[in-house]
Amino acid sequence: MSFSMHGIAVAQGIAIGRARLFLQTSLEITHYAIAPQHLGAEIQRFDQAVDLVRTELQELEQHVPAGAPPEFAAFLQLHLMILNDETLSQVPRSLIEQQGCNAEWALKQQMDLLIEQFEQIEDSYLRERKEDVTQVVERLLKALIGQPRTLMSDKKADADSILVAHDLSPADMLLFKQQPFQAFITDMGGATSHTAILARSLGIPSVVALHHAWAMIREGEPMIVDGMNGVIIVNPDPLVLAEYRLRQEQWTLERQKLKRLRTTRATTLDGTLIELLANIESPDDVDAVKKSGATGIGLYRSEFLFMNRRDPPGEEEQFNAYRRVAEAMRHQVVTIRTLDIGADKPLDSTPKVNALNPALGLRAIRYCLSQPRLFLTQLRAILRASSFGRIHLLLPMLSNGVELNQALALLEQAKTELRQEGLPYHEDLPVGGMIEVPAAALALPLFIDRLDFLSIGTNDLIQYTLAIDRTDDTVAHLYDPLHPAVLNLVSQTIRSGQKAHIPVALCGEMAGDPELTRLLLGFGLRQFSMHPAYLPDVKQIILKTSLPDLQPLTRKILTTYDADRLKELAQRLNQWAC
Ligand code: PEP
Ligand code: MG
């Protein structure tokens with residue numbers, strides 16, 4: 001049966017392939033009775049799943065992907081130990097027999113019991129191992145429902161796969177970076193969740209907030225993902241398929257044409273040079289930056305180096321990663337944002353946060369200041385890398401002056417230590433602040449005279465201004481970059497930066513949306529930082545824009561409060577002179 005579903009488009013392009021379902025234990029596990037004469041077969045089914053997962057883990061251990069954190073192998077060994085322990089490989093067998101239930105249900109019961117026991121352990125390290133138990137059970141469940149191959153090991157088989165997940169964490173996405181998926185779709189998430197942002201860096205089409213896709217789509221079903229319109233079509237009929245193949249070709253052709261703009265300077269018709277910078281998550285992204293024609297890196301999200309591992313990277317490992325990027329970018333700026341952990345980007349090594357509103361909790365600079373040793377290590381690594389290129393340091397989520405004082409004091413401490421140790425660094429390393437909390441945007445004088453530059457993080461600024469969780473699909477339709485409150489905060493921040501003579505960049509997803517390019521230019525923005533794939537589209541708009549002509553309309557937009565009228569004015573801005 002053919003059917004389509006609508007969600008939110010987060011990464012453009014069209015993919016045609018087959019569904020590959022990604023299972024999570026948080027989803028419901030079915031419970032059914034097994035007739036006494038079939039209990040032996042059910043136990044055998046369980047044993048086969050255990051054997052299969054054992055082989056999988058052993059195989060993975062032998063083929064640890066290049067670039068995986070060093071702890072990855074140790075982590076696989078631990079999973080093998082957990083699997084082989086009789087609490088997981090034997091007890092569920094007895095439960096099947098005693099209760100006459102299916103293997104999945106026996107496994108779930110045993111997992112719940114083990115997790116409860118782990119939660120009572122005093123030692124926080126051991127307590128955290130319950131996550132590992134969950135992950136092993138997840139693999140077993142996948143094997144039981146007939147989805148035995150791991151996402152890590154069957155690269156060839158996945159060449160036309162479309163990943164269908166209920167939800168994906170940014171850490172999951174990081175692992176999928178090494179996979180040849182055609183596209184991915186999820187039930188949950190918003191357009192600017194960190195998972196969606198990572199999807200953009202994969203350069204594959206994706207749609208989120210589909211609500212029930214995971215439950216409705218079956219493994220292996222043919223499907224189309226339209227990343228432009230946020231639509232998926234399952235079991236498309238031949239006519240629809242032909243139409244989409246045509247669109248896919250046109251899209252590829254357009255992308256190739258746009259690539260020719262790579263070396264063209266991003267200058268407006270009136271001769272103003274606009275800086276187009278790139279957002280990256282890892283040193284491996286530098287290749288894409290080079291190909292995009294970006295003139296520097298406006299946001300290096302350093303937290304991804306800290307994910308999918310048990311312990312945080314040490315100073316040497318961080319230094320090497322930052323240095324690699326600085327050297328590869330040569331004389332171009334590399335803006336390294338200090339660890340922005342918390343909310344939808346938890347660390348494996350930190351205890352699970354039970355806060356009801358983690359986005360308002362111990363996140364980003366707050367987290368770093370609560371862990372001064374960890375922060376100091378990162379500051380030392382960034383400083384050391386600064387003598388190998390043009391590094392700028394960016395502090396996330398500032399909301400009050402004390403945070404800035406403390407961060408700057410730690411930076412001074414890091415410099416003093418390096419000086420005493422005779423290690424080189426750039427003494428005048430520019431320090432900037434992310435403006436992504438409304439309080440910071442409204443009270444810029446708190447920071448502006450102690451910072452060398454500002455970077456507006458609209459993903460969070462929208463989240464916090466409109467009180468819309470950026471990861472929550474149920475309110476994703478209310479997440480509106482064109483809300484007058486957001487527009488006024490963005491434009492005020494740009495103006496204040498100009499008055500104070502400090503550069504202001506914008507590094508949230510708004511910067512990569514060509515529909516908003518002219519509006520932001522009209523507000524006075526001269527530095528845009530975005531995922532490299534979006535750079536040619538934005539550049540194309542800049543090349544066709546005359547800044548003086550934008551003024552009357554952008555001024556009107558800033559005093560318009562009616563949503564329809566505002567959208568109409570924004571559209572008019574885009575149609576004009578194109
Ligand atoms: C932002 O909030 O706009 C931003 C760039 O930071 P992140 O998306 O990593 O939170
Ligand atoms: Mg942010």
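Any residue at all in the stretch 328-343 that's more than 16 Å from ligand 2 (Cβ to nearest atom) and part of a strand (DSSP E or B)?
The answer is yes, given that some residue of the stretch 328-343 is more than 16 Å from ligand 2 (Cβ to nearest atom) and part of a strand (DSSP E or B).
Within the stretch 277-314, restricting attention to residues that are within 11 Å of ligand 1 (Cβ to nearest atom) and within 15 Å of Pro346 (Cα to Cα), the residue that is surrounded by the most Cβ atoms within 10 Å (Cβ to Cβ) is Ser302. Right, Ala563: of a type in the set (A, V, I, L, M, F, W, C) and surrounded by 21 or more Cβ atoms within 10 Å (Cβ to Cβ) or not? No: the conditions fail for Ala563.
When you look at Val490, is it outside the structural domain of His211 (by TED's automatic domain parsing), in a helix (DSSP H, G or I) and crowded, with 20+ Cβ neighbours inside 10 Å, yes or no? Against the criterion (outside the structural domain of His211 (by TED's automatic domain parsing), in a helix (DSSP H, G or I) and crowded, with 20+ Cβ neighbours inside 10 Å), Val490 qualifies.
In the set (1) within 18 Å of Ser169 (Cβ to Cβ); (2) away from ligand 1 (no atom under 16 Å from the Cβ); (3) acidic (Asp, Glu), the condition left unmet by Glu327 is number (1).
Scan the stretch 418-433 and give yes if some residue there is within 16 Å of ligand 1 (Cβ to nearest atom), in the same structural domain as Cys507 (by TED's automatic domain parsing) and under 24 Å from Pro358 (Cβ atoms), otherwise no. Yes: the stretch 418-433 contains one or more residues that are within 16 Å of ligand 1 (Cβ to nearest atom), in the same structural domain as Cys507 (by TED's automatic domain parsing) and under 24 Å from Pro358 (Cβ atoms). Figure legend. Inter-residue proximity from the stretch 278-298: first residues within 13 Å of Leu198 (Cα to Cα) and part of a helix (DSSP H, G or I), second residues within 16 Å of ligand 1 (Cβ to nearest atom) and among the hydroxyl-bearing types (Ser, Thr, Tyr), beta-carbon distance below 9 Å, spacing 6+ or different chains. Indicated pairs: Asp285/Ser201; Asp285/Tyr300.
Per-residue answers, yes or no, for (1) on the phi < 0 side of the Ramachandran plot; (2) over 26 Å from the mean Cα position of the chain (by Cα); (3) within 12 Å of ligand 1 (Cβ to nearest atom); (4) not assigned by TED's automatic domain parsing to the domain that holds Ala191:
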{"position": "Pro438", "(1), (2), (3), (4)": "yes, no, no, yes"}
{"position": "Leu446", "(1), (2), (3), (4)": "yes, yes, no, yes"}
{"position": "Asp449", "(1), (2), (3), (4)": "yes, yes, no, yes"}
{"position": "Thr458", "(1), (2), (3), (4)": "yes, no, yes, yes"}
{"position": "Ala467", "(1), (2), (3), (4)": "no, no, no, yes"}
{"position": "Ala485", "(1), (2), (3), (4)": "yes, no, no, yes"}
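Take the residues in the stretch 202-220 that are assigned to a loop (DSSP other than H, G, I, E, B) and surrounded by fewer than 21 Cβ atoms within 10 Å (Cβ to Cβ); name whichever of them is modelled with the highest pLDDT. The selected residue is Gly220.
When Ser491 is tested against (1) touching a Gly at 6+ places or on another chain (Cβ under 9 Å); (2) within 16 Å of ligand 2 (Cβ to nearest atom); (3) over 30 Å from Arg323 (Cα atoms), exactly one condition is not met: (2).
If you scan the stretch 507-556, which residues turn out to be β-branched (Val, Ile, Thr) and farther than 17 Å from Leu487 by Cα? Scanning the stretch 507-556 gives Val538, Ile541, Ile542, Thr545. When the stretch 441-463 is filtered for residues that are away from ligand 2 (no atom under 11 Å from the Cβ) and in contact with a strand residue (DSSP E or B) (Cβ under 7 Å, 6 or more places away or on another chain), the ones remaining, listed by number, are Ala441, Phe447, Leu451, Asp452, Phe453, Leu454. Take the conditions (1) away from ligand 1 (no atom under 13 Å from the Cβ); (2) under 23 Å from the mean Cα position of the chain (by Cα); (3) surrounded by 22 or more Cβ atoms within 10 Å (Cβ to Cβ); Leu454 misses just one of them, which is (1).
Taken over the stretch 471-487, the criterion of being part of a helix (DSSP H, G or I), touching a residue at least 40 places away in the same chain (Cβ under 8 Å) and crowded, with 20+ Cβ neighbours inside 10 Å is satisfied by Asp473, Ala476, Leu487. Give all pairs with beta carbons closer than 8 Å in which a residue from the stretch 441-463 that is more than 13 Å from Ala359 (Cβ to Cβ) meets a residue that is among the charged types (D, E, K, R) and within 16 Å of ligand 2 (Cβ to nearest atom); count only pairs at least 6 apart in sequence or on separate chains. Close Cβ pairs satisfying both conditions: Ile456/Glu436; Thr458/Glu436; Thr458/Glu509. Scanning the stretch 304-324 for residues that are closer than 23 Å to Met173 by Cα, modelled with pLDDT of 95 or more and charged (D, E, K, R) returns Glu317, Arg324. For the stretch 464-488, a residue qualifies if it is among the small types (Gly, Ala, Ser) and either within 14 Å of ligand 2 (Cβ to nearest atom) or within 26 Å of His6 (Cα to Cα) (or both), and the qualifying residues are Ala467, Ala476.
The values are calculated or read from the model by the stated rules, or taken from the named source; none is laboratory data. Just so you know, these numbers come straight off a predicted model, no measurement behind them. For neighbour counting, all protein chains shown are included, and Cβ atoms are generated from backbone atoms with ideal geometry for every residue, glycine included.
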